[in-house]
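Visitor: Sharing a structure below in structure tokens format, with a few things to ask.
Derivation of every value follows stated rules applied to the coordinates shown; laboratory data play no part. These numbers were taken from a predicted model, which means no experiment stands behind them. Reconstructed Cβ throughout: ideal geometry from the backbone, glycine too, with neighbour counts over all protein chains shown.
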Amino acid sequence: MASAEQLKMTHSVDGKVTGVDNRVKGVEERVQDVGGDVQDVGNRVQIVEGKVQDVRGDVYDVGDTVQDIDDKLDRANRSSSR
């Protein structure tokens, strides 16, 4: 009788341990999903950084062009004032 009760308790504990194990696996899967989402965000940030650098380069190009125009205007004004 005691052995039967002990076996019953063992099965109950085993079932609870299995339940906890399944919950832990579920949490691990969620953590992996979050990790994947974080990686996706990191990739998108890198893409945005690349685009910002492209825009920065375009701004520098515009600045150089404006400077070239200013230089030409200065030369033209000096030539016409002589």
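Visitor: Say R0 is 35 Å: what FRET efficiency, to the nearest 0.05, do residue 18 and residue 40 get from their beta-carbon distance? The partial results should precede the final answer.
Guide: Values: r = 33 Å, r/R0 = 0.95.
The value I calculate is 0.60.
Visitor: Sticking with this one: Between 0 and 90 degrees, rounded to the nearest ten: what's the tilt of helix 2-80 against the longest Cα principal axis of the chain?
Guide: So the helix axis and the longest Cα principal axis differ by about 0 degrees.
Visitor: When the C-alpha atoms of the chain are aligned to their principal axes, what extent does each axis show, in angstrom, from largest down?
Guide: Taking max minus min along each principal axis of the Cα atoms, the chain gives 121, 10, 7 Å.
Visitor: Another one. Calculate the spin-label point distance for residue 53 paired with residue 78, positioning each point 7 Å from the Cα along the beta-carbon direction, and give it in nanometres.
Guide: Going by the 7 Å Cα→Cβ label model, 3.8 nm.
Visitor: Right, something else. Between residue 11 and residue 30, what is the label-point separation in nm under the 7 Å Cα-to-beta-carbon projection?
Guide: 3.1 nm
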